[in-house]
1. Does the stretch A:228-259 hold any residues that are within 9 Å of another protein chain (Cβ to nearest Cβ), over 24 Å from the mean Cα position of the chain (by Cα) and not in a strand (DSSP E or B), and which are they?
2. With respect to the numbered conditions (1) away from chain A (no Cβ under 14 Å); (2) in a loop (DSSP other than H, G, I, E, B), which one is the sole condition not fulfilled by B:Gly346?
3. Return the residue satisfying two criteria in turn: it lies in the stretch B:1-28 and is over 30 Å from B:Asn293 (Cβ atoms) and open to solvent by 70 Å² or more (accessible area, probe 1.4 Å), and of such residues it is nearest to the other protein chains (Cβ to nearest Cβ).
4. Name the single residue, out of those in the stretch A:293-315 being open to solvent by 10 Å² or more (accessible area, probe 1.4 Å) and more than 9 Å from every other protein chain (Cβ to nearest Cβ), that is nearest to the chain's Cα centre (by Cα).
5. Can you find a residue that is part of a helix (DSSP H, G or I), within 14 Å of chain A (Cβ to nearest Cβ) and either open to solvent by 30 Å² or more (accessible area, probe 1.4 Å) or among the β-branched types (Val, Ile, Thr) (or both) anywhere in the stretch B:315-337?
6. Let me confirm something: among A:Leu47, A:Leu55, A:Leu36, which residue is touching a Leu at 6+ places or on another chain (Cβ under 9 Å) and part of a helix (DSSP H, G or I)?
7. In this structure, is A:Leu140 modelled with pLDDT of 95 or more and open to solvent by less than 30 Å² (accessible area, probe 1.4 Å)?
8. Report, by residue number, each residue of the stretch B:113-144 that is among the β-branched types (Val, Ile, Thr), out of contact with any Cys (no Cβ under 8 Å at 6 or more places or on another chain) and buried (at least 18 other Cβ atoms within 10 Å of the Cβ).
Amino acid sequence: MRFALSEDQAMLQDSLAKALAALSPLERVRAFAGDLKDRGEDVWQGLSEFGLAGLAVPEEFGGQGLGLLEAALASEALGAAVAPVPFMGVVLAPLALTRGGSAAQQADWLPRLASGEVTAAVAMSEPVAGARDDAGVTALGGKLAGKALFVPGGMAAGLILVADRTGGLHLVRGDAAGLGRSLMPGIDETRRLAELTFAETPAEPLGNGRDLLDRLRDAAWVLLAADTLGAAQTMLDKAVAYAKERKQFGRTIGSFQAVKHLCAEMAAELEPARALVWYAAYAFDHAPDEAALMAAHAKAHTSEIGRFIARTATEVHGGIGMTDLLGLHYWFKRIGLNRQLLGGPERVREIAARLQGLAA
Amino acid sequence: MDLTLTPELAAFRDEVRAFLDAHRHEHEAGAPKDPKAWQRLLIAHGYAARTIPREYGGYGAEPDILKGRIIAEAFIAAGAPRGMAGQGISMLVPTLLEVGSEDQKRRWIPPTLAGDIIWCQGYSEPGAGSDLANLQTKAVEDGDDFLISGSKIWTSTAAQAQMMFCLVRTEPDKPKHEGISYILFPMDTPGIEVRPLKTMTGQAEFNEVFFTDVRVPKANVVGGRGRGWQVANTTLKHERGMLGDPNATEARLKALIELMKAETVDGQRLIDNPVLRDRLMQLQARVFAMKFNGLRTLTDETAGLARLVVKLQGCELNHQVAALAIDALGELGVLYREGPHLRAKGGWQWNYMFDLGLIIGGGTAQIQKNIIAERGLGLPREPKVVGA
């Protein structure tokens, strides 16, 4: 028994972080955020060459066939770099196709997902987080009708997985008739959200029943938790670095207990959360009985400690922490989006209680 | 990450479970019927004093973190009491093993493990709390002996203990960290007075101890004269490992869940109150996080920071679990001591109060934050006040 990353896992995370430092430094993120025509294709291209696109695709379809723990480590690295990459579909689409797709669907999509030629998005906000503004999709006779909100990566995806009101999943081609997309401008400009509309849109059913959607939900929660973990770690690192360098009253501010204790509190919250996220990802692959509960706790808990770290790290920076010049706000907003997406902590905790029979 | 047990470890787990099943009638309500006999039984099977050499009364196994963990989990699952864990066994014995003389090890370790000698720890003083190295209790040379004068505070079990391990100042002219010695003496030595220190719980979990010319042989110094600070840090390391133990927190959370399922208000179960339930789920996430953090500290060499946060986070979390129990109990939460309406013999109330002591003791939360920031994050120390 070993509760630690393997050498390969640590190397994956480390080399991805290095690749991101070259492909997507803060200036690149800033350019993406400021220009809606910028689709970040160079970043995606570079990451596909790195192998990110095929991370969760089985080897026989040209991918690497890695598990959710590796995917979570990648998600953490992307969060740490606030990379403008819609990562959720990279993991969830292969997962859904592998677990619920027909042989034809797998052969059709998985090789193209592995190469990065096609990107995927998952529309499941309504059955997971609850429907707002009358959103929701109805499936009838191989056609979809309705609208789906808050779809990360939905503006550009060539393959869209859509969950209908009953929890059934459908595959929709990016060029399908009757598919409409519009941007939902939001606080986190590093990941764009789409509103998708369906009018007599042709779709293929994927898998059967709610169970597959629940597994996609669990995986998505773990990925969001890992993204927050990475973003929060960067905010803490930046706060500590600033506290070591900034002088007031003739001393580095990090020597004042008022400041150093804020840093210690952030670290004390972050470290145990890391173990929880690792375990939730591990459970998804190896301990299915615990997977849903651990995913829910990882999502809700990182949302809480993420909020604390996002505001505290900003505060350690003083006024400069608020400025666009420093850019700390990209991490602040990234953590904010992860918190709300696919259920805020109160909703997710209620599901955690239900999973244990503690709530009706 | 590989959390599966090897066949050897799985067999070991089955062995521990079989032992616990065979001996389940020797304890009730989490306490052994005959504490010394239970202790002997556990040592004989290697479930207490596991890694302590046989010549000192232990079981003599090689250190194996995972087997230790398996034992802990099996005992919790069975509701069985662990071996004795007073300050003698958990702090003095490891210290003697590390720095004691052969004579000291043979003389003190076996009766301590057997439960025949209870120890108390003489560290803190009225003027030496967080700044422990400022201690002033003095030991003046007199032939082959020291004469000890001064006082100690926060001394748990001093009223029951036969022996004390104590920090005294033997070299008053040296810098404060270099003038301290670690010394052992019987509590019935003339010149020692113990006064119980009653706390907010209504009980005296601590004592004050006063020394007036207490005569102790120089041979009772452990680890060398003037080396007491280093020796004490050996012991404190063991104490911090004890405080904030995630296994204990997990057991407490389970008890809270049972409480919230069993208790009703206006006929509604406490668990059916969405506000209380949400707080419970928040704490459950934290308990899991600390549990996995604990597993990680056992087997991940990159877990330095994860280790440093255990005392701070674990003690705080214990207090929050007790606080939710009090809140969930509502007006019943104010009852204490005895009475037909009292729940769990007032254990939640006692924990809620006493846990504050654990947040403060063994290095306060604020000292823990200094340690995390300075050793874990590399932030600069507070500049020293001139003359302190």
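The values are calculated or read from the model by the stated rules, or taken from the named source; none is laboratory data. All values reported here derive from a predicted model rather than from experimental measurement. Virtual Cβ from ideal backbone geometry, glycine too; neighbours counted across all protein chains shown. With ligands, DNA and RNA removed, areas are computed over all heavy atoms of the protein, side chains included. Shrake-Rupley method; radii C 1.70, N 1.55, O 1.52, S 1.80 Å.
1. A:Val240, A:Ala243, A:Lys244, A:Gly254, A:Ser255, A:Phe256, A:Gln257, A:Val259, listed by residue number.
2. (2)
3. B:Asp21
4. A:Arg307
5. Yes; the residues of the stretch B:315-337 include at least one that is part of a helix (DSSP H, G or I), within 14 Å of chain A (Cβ to nearest Cβ) and either open to solvent by 30 Å² or more (accessible area, probe 1.4 Å) or among the β-branched types (Val, Ile, Thr) (or both).
6. Working: A:Leu55 fails: part of a helix (DSSP H, G or I); A:Leu36 fails: part of a helix (DSSP H, G or I).
Result of the check over A:Leu47, A:Leu55, A:Leu36: A:Leu47.
7. Details: modelled with pLDDT of 95 or more: yes; open to solvent by less than 30 Å² (accessible area, probe 1.4 Å): no.
It is false that A:Leu140 is modelled with pLDDT of 95 or more and open to solvent by less than 30 Å² (accessible area, probe 1.4 Å).
8. The first filter runs over the stretch B:113-144 and keeps only residues among the β-branched types (Val, Ile, Thr), leaving B:117-118, B:137, B:140.
Subsequent filtering for residues that are out of contact with any Cys (no Cβ under 8 Å at 6 or more places or on another chain) retains B:117-118, B:140.
Within the stretch B:113-144, B:Ile117, B:Ile118 qualify.
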